[in-house]
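Heads up: the structure comes next, in structure tokens.
The values are calculated or read from the model by the stated rules, or taken from the named source; none is laboratory data. Model, not experiment: these values are computed from the prediction. All Cβ positions, even for glycine, are placed from backbone atoms using ideal geometry, and neighbour counts span all protein chains on display.
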Amino acid sequence: MKIKALTSFAGAVSMHIGEVKEIDDSNAAALISCGYAEAVEEAKPSTKKGVKSDENKRDNA
């Protein structure tokens, strides 16, 4: 599970304020329940494409 630290802490897992880290679910649940961290929602991959294929071609004429 991905979590974000709300405070700095050290132990089985060590993080500083604002750090985001992927850790095992049991440690994540313990840190969240005591208020040291919050769960981070996974970002969904974007379906947009950046550049059209015609725009990548150069006109050397």
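Could you check, for region 18-41, whether at least one of its residues is touching a His at 6+ places or on another chain (Cβ under 6 Å), modelled with pLDDT of 95 or more and part of a loop (DSSP other than H, G, I, E, B)? The answer is no; no qualifying residue exists. For region 3-18, enumerate the residues that are surrounded by fewer than 14 Cβ atoms within 10 Å (Cβ to Cβ) and within 18 Å of Ala43 (Cβ to Cβ). Listed by number, the list holds a single entry, Gly18. Of all residues assigned to region 42-50, none qualifies as being modelled with pLDDT of 95 or more, of a type outside the set (A, V, I, L, M) and either out of contact with any Pro (no Cβ under 7 Å at 6 or more places or on another chain) or not in a loop (DSSP other than H, G, I, E, B) (or both).
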